[in-house]
Every structure is written in structure tokens, then in C-alpha cells.
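The values are calculated or read from the model by the stated rules, or taken from the named source; none is laboratory data. Everything numeric here is computed off the predicted structure, so don't read it as measured data. Counting neighbours? That spans all protein chains shown, and the Cβs are built from the backbone with ideal geometry, glycine included. With ligands, DNA and RNA removed, areas are computed over all heavy atoms of the protein, side chains included. Shrake-Rupley method; radii C 1.70, N 1.55, O 1.52, S 1.80 Å.
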Amino acid sequence: MGRRNTTRGRRPQRRKSVTHVHRESGRSGAFRCAGCGLQVPVDAPGTAHRNHCPHCLTSLHVDGRVPGDRRAGCRGRMAALSLATRPDGEWLLVHRCVRCGELSANRVAGDDNARALVRLAVRPLADGSVPRRALLRL
Amino acid sequence: MSTTEPEPAPDVSAFTCVRCGLTVSALDPDGGPRDHCPSCLSSRHVVDRTDEGASRCGGRMAPISVAVPRGGAWLLIHRCTLCDEMSGSAVATDDNHLVLMRIAVRPLADPPFPLDLFGEV
């Protein structure tokens, strides 16, 4: 999904040592979704760091400060909270841990459920009162 | 002995926005503590969420997204431009609505797949 390959003014990404292959994914290279129970293969089109279920977009709180460090002892379910956009136009999925409230961001994968993504994207505008008030005050 | 307690003095402290330089009061119009600039919505990384305490980072936190948790009130998501730590804060009534709306509609303005397909589903 890298469409506008603009690197101008962008901070380089941090190094990530994702340990899917040895830890929770086991030998089969798949993990079970904490939200819907889907068996999800680790390989995903468009990203090398799949951390959420492509069907319900739920993730698991296993990483601490750096993605892939597996430092968090929480193991809570992370529900998809909102969408953010990078300066180059890529969508980022923002998760919040339902147990401890920690936030994290991950790039969307090519096979993520488009309907669930769009539902998240229109959520700020879906409830009419707040955006209408906001537009009236402009 | 009088029964009326004296009113506590209002908090008049202020801070300067790290991005636009605006001097803003530390309290929002509703009396709650303010943690981001109402004009450009930028914040500063002073609270460490992972280790629960003060953060030594001090970087600028840019607003990246608007979330709607249950209840309907908007929540502004910040991300530190230095260390990538994220935080969420409630939207104040005097926040810049133009900037808020721009962040809210930003994903829809540049979707990774054609949105007109959803008319057929």
C-alpha cells in the first residue's frame, strides 16, 4: 500500500525484532486472535509486522516500549480504537488495551477487513452532534 | 465563626505551546486541567505512561487521530515526535475545531482502497 513514496521530513523507523516465529506463533507461523478466535497466519501482504487480526482488527498487549520487544506483562486484549494517517498517506490503526489502557499504533495490512476499517474511519463523523457543533463553530 | 468558606484562588498558571508559541492557561473553560494547546493541539511529553511517572523525554507530541470511545465524546490521540510514545486526552470546548475536523476526516480523504466500492456492498 505504499502509494506516495515520500521520504521527505520523515523520521526513520525504529529497528524492530519481531519474534513471531519463535514465540506465540509456534511452528505453524500463525496466532489465534484474542477477539474472534480466528487462526491468523503471520505472513501478511503489505507488512512484515502483522500484530492484529485482519477480520476484527483486535490485537494483544505483548510489547512494551518498542514494537517487538515482548516486554509487556499485561497480555490484555487490545481493541481497535481509531485510525491515524501518516504524512505519506498510509493508514495506521490505533489500539488501546482494554485491561491497562496502553495505546499503540500499527500500519494496516493489505488483507485487513475494509469494512471494519471504514467503520473506524467514519466513527468521529457518525454521531452527528459533535461534528455538527464543530462545523457550526468554524 | 462564619460558615462561608473563602473561595479557593483560581489557578492562573499558564504554559507556552512548544509548537506555535501561544501562551495558554493551564485550565480549560470547564475548569479541568489542560494538556494540549487549544490552537494547534500539540502537547508535550511530560508523563510516562508505560512506567507511570514523569517522563524525561520532553518531546513535542503531535495530534495524530481522533477516537470515539463509548459515550460519544471525542478523544484526541497524541504521539511523541521523539520517542513515539502515545497518549490520549479529552477534547476541550475551546480547541481549534478546524484542526480537529481536519484530523478526523484525514483518513477518509486518502483511503488505501476505493471507497466507492462500498456503495455496492
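Please go through region A:40-74 and give me each residue that is charged (D, E, K, R) and in contact (Cβ under 8 Å) with a residue 24 or more places away in the chain, ordered by number.
First, the residues of region A:40-74 that are charged (D, E, K, R): A:43, A:50, A:63, A:65, A:69-71.
A:ARG50, A:ASP63, A:ASP69, A:ARG70, listed by residue number.
Which of the residues belonging to region B:91-104 are more than 7 Å from chain A (Cβ to nearest Cβ) and open to solvent by less than 70 Å² (accessible area, probe 1.4 Å)?
Start the filter on region B:91-104 by keeping residues that are more than 7 Å from chain A (Cβ to nearest Cβ), which leaves B:91-96, B:99, B:102-103.
Residues satisfying the conditions are B:VAL91, B:ALA92, B:THR93, B:ASP94, B:ASP95, B:ASN96, B:VAL99, B:ILE103.
Output the number of residues of region A:103-120 satisfying the condition of being in a loop (DSSP other than H, G, I, E, B) and in contact with a strand residue (DSSP E or B) (Cβ under 7 Å, 6 or more places away or on another chain).
Residues meeting the conditions: 4.
What's the total number of residues in region A:43-78 that are under 22 Å from B:VAL66 (Cα atoms), open to solvent by less than 30 Å² (accessible area, probe 1.4 Å) and either at pLDDT below 90 or assigned to a strand (DSSP E or B) (or both)?
Adding up the residues that qualify gives 3.
Only one of these is open to solvent by 50 Å² or more (accessible area, probe 1.4 Å) and modelled with pLDDT under 85: A:ARG3, A:ARG32. Name it.
Going through A:ARG3, A:ARG32 in turn, just one is open to solvent by 50 Å² or more (accessible area, probe 1.4 Å) and modelled with pLDDT under 85: A:ARG3.
Do you know which residues across region B:39-73 are within 7 Å of chain A (Cβ to nearest Cβ) and either of a type in the set (Gly, Ala, Ser) or open to solvent by less than 20 Å² (accessible area, probe 1.4 Å) (or both)?
Within region B:39-73, B:SER65, B:VAL66, B:ALA67, B:VAL68, B:GLY72 meet the criteria.
Do we have B:PHE118 as open to solvent by 30 Å² or more (accessible area, probe 1.4 Å), facing another protein chain (nearest Cβ under 7 Å) and assigned to a loop (DSSP other than H, G, I, E, B) here?
no
Do we find that A:ARG99 is more than 10 Å from chain B (Cβ to nearest Cβ), assigned to a loop (DSSP other than H, G, I, E, B), charged (D, E, K, R) and under 13 Å from A:THR58 (Cα atoms) in this structure? Talk me through it step by step, then tell me what you get.
Working: more than 10 Å from chain B (Cβ to nearest Cβ): yes; assigned to a loop (DSSP other than H, G, I, E, B): yes; charged (D, E, K, R): yes; under 13 Å from A:THR58 (Cα atoms): no.
Considered against the rule, which asks whether it is more than 10 Å from chain B (Cβ to nearest Cβ), assigned to a loop (DSSP other than H, G, I, E, B), charged (D, E, K, R) and under 13 Å from A:THR58 (Cα atoms), A:ARG99 comes out as no.
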